[in-house]
Amino acid sequence: MSKEKTGYSLFIRWLVIVGDLVLLNFVFFAVCYWYGMWKLNNNIFQFRIILLLLNVSYFFGLYFVPITIHKSIIFTEKVVQRSLLLISMHLIIFLTCIFFLGLKSELFPHNFIYVFYICLYSSLIVWRIVAREVLKQYRKRGRNFKRIIIIGAGENGLNLYAEMTKEIAYGYYILGFFDDNIELKNTLPNYLGTTHEVEDFALANNIDEIYCTLPNSQDDRIMRTLNFAEKNMIRFYIVPEFLRYLKKHLDLENIESVFVMAVRSEPLQSPVNRFIKRSFDILFSALFLCLIFPLIYIILSISIKLSSPGPIFFKQKRTGIYDKEFNCYKFRSMRPNDFADEKQAVKDDPRITRVGNFIRRTNLDELPQFINVLKGEMSVVGPRPHMLKHTKLYSNIIDKYMVRHLIKPGVTGWAQVNGYRGETPNIDQMEARVKYDIWYLENWSFLLDLKIIFVTVLNMFKGEKNAY
C-alpha cells in the first residue's frame, strides 16, 4: 500500500507535466493559426526546430521551478506565483536558444511572442488551479493520503496534530500517537502505545511517514526509530522541540557538515529576488517621474505656493535599510514649523494647510519619494520610513522593531494597505504596524508587491480615514 500511494504523487506530477505540455502546444498552435503561420511552408524546418525548442525549454524550466501542486499544503497565490516563474524561465531559455542557434527572428514577430506568452501564462494559471482543486477534492474522498504516526504526545506533538488535521484536503491520515506516558491511554483517544511498539505497528499498518516530536534528551530513542524507518523505507521527520517557542518558518542551511537554522525566512536575501525588485523599482519610478510626475509637480507646486510661503518639497531625515539615514522627500503639506522633525501629524493639526490636507488624504504628498526610489534609498513597496526620533524611541520599547530595517523602506507598504498608516497615538498601533512590516519581509513576492500597489492606488481615489 505504501508503494502504491508513493506512486500516486509521482503519477500526479506526471499528469501535471502532460497537462502543461498539451497546453503549451495547444496555445502555440492556436496563436500560430491566429497569425496565419501555416502559410510559412518555406520555413517548415525552422518551424519544427522552434517547436522542439519550445517543449525542451519547458523541461529546463522545470529544473528551476519544479512542480509542487502534489504537495499537501500549497495555497492559490503560490500556484499563481510559481506559474509566473515557470513561464518567465521558459521565455528566457526559449529566446536564448533561438538567439544562439541563429534562427530567423522574422519567423515569429515580437507581437507574436507577447500574445503567445500572455495567453500561455493565463491558461497555465487556470489549468494548475483547477488541477489543484481536483486533487483537493480527490483527497477529501479519502484517496492519495499518507498514513502517519506521531511519536511524542506532548505539546509539540499535539500542535503538530492540530496543524496537520486542519483540512482533510491536506492528505494526512494520522493513525495516532506513541508515548511512554501510559496514563495518556485514558485521556488521548488515539493513543497507540509506547515508543517500543512503534516498529511492529509501522510494519503491520503500512505507515508512510513517522513524525518524531521527542525532546533532544531522548536521543537514543530518536536514533533507534530513525534507523528503523530508513531500513524500511519509511520517511522520518524530526519536529524540533524549540518550535513550541518559535512560531515561524525556519530555513535550514549548512556550513560544510554543520547544519544551522536561520530564524527568519527572507526571500529578498536571494540575489535573483533582489534583482527583480530593484529592476522593477527603477523601471516603475523612472516611468512615473518622466511621464506623470511633471504634470503633478506643476499643479501641486502652484497650489502649495499659494497656500502658504515656503519650499515646495519637504525634506526630512528618515531611517533607511540597516539603520542608515537618508533625506526623504515629500510635497510640503504643512506650514513651516519647528516641530516637523519631532511631532507626528494629528487629526485637525493646525500646521496642515488646506492643500496639505488634500494631498495627505490622497497620498499625493508621498510622490516625490520616487526620487528616493530611483536613487536606491527606498523601494516602491516596503515598510514606511520613520523619523529618526521615532526609530530611537520605538526600538527601545517594541520587540523586533529594528527587524523592519532589514529591507529598504517603501513609498507604500503592507501595513499601510491594511489600515496602519498616519498617526500612531498608542504603542499597540505601532506594534501592529511592525508586525505587518515583518510579515512582508518574511513573505515577499513580486505578486504581493503588485497587489499592494494596486490597493494603494485604489485607496488614493477612495481616500483613507487615517490619512491626515
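Structure notes:
- Exclusive hit being at pLDDT below 85, not acidic (Asp, Glu) and not in a loop (DSSP other than H, G, I, E, B), set 99, 116: 99
- Complete set of residues in segment 385-411 that are out of contact with any helix residue (DSSP H, G or I) (no Cβ under 9 Å at 6 or more places or on another chain) and surrounded by fewer than 16 Cβ atoms within 10 Å (Cβ to Cβ): 389, 392, 393, 396
- For segment 162-209, filtered to residues that are within 28 Å of the chain's Cα centre (by Cα) and hydrophobic (A, V, I, L, M, F, W, C), the residue that is modelled with the highest pLDDT is 162.
- Within segment 81-101, considering residues that are over 19 Å from residue 124 (Cα atoms) and not aromatic (Phe, Trp, Tyr), the one surrounded by the fewest Cβ atoms within 10 Å (Cβ to Cβ): 101
- Being closer than 21 Å to residue 283 by Cβ and either in a helix (DSSP H, G or I) or charged (D, E, K, R) (or both) holds for only one residue in 459, 372, 396, and it is 372.
- Test for residue 358: is it buried (at least 17 other Cβ atoms within 10 Å of the Cβ) and without any contact (Cβ under 8 Å) to a residue 12 or more places away in the chain: yes
- Here residue 427 clears all of (1) in contact (Cβ under 8 Å) with a residue 40 or more places away in the chain; (2) surrounded by fewer than 16 Cβ atoms within 10 Å (Cβ to Cβ) except the condition numbered (1).
- Close pairs (7 angstrom Cβ cut-off, 6 or more residues apart or separate chains): farther than 18 Å from residue 90 by Cβ in segment 121-137, of a type in the set (Ser, Thr, Tyr) anywhere: 129/76
- Residues within segment 248-300 that are modelled with pLDDT under 90, surrounded by 14 or more Cβ atoms within 10 Å (Cβ to Cβ) and among the hydroxyl-bearing types (Ser, Thr, Tyr), tallied: 1
- Tabulated pairs, segment 308-319, first within 22 Å of residue 392 (Cα to Cα) and in contact (Cβ under 8 Å) with a residue 24 or more places away in the chain, second among the charged types (D, E, K, R) and assigned to a strand (DSSP E or B), C-beta under 6 angstrom, 6+ apart or interchain: 314/330; 317/325
- Verdict on residue 147 being outside any helix (DSSP H, G or I) and at pLDDT 85 or above: yes
The values are calculated or read from the model by the stated rules, or taken from the named source; none is laboratory data. Remember, it's a predicted structure, so these values are computed and weren't measured experimentally. FYI the Cβ positions are ideal-geometry reconstructions off the backbone, even for glycines, and counts take in every protein chain you see.
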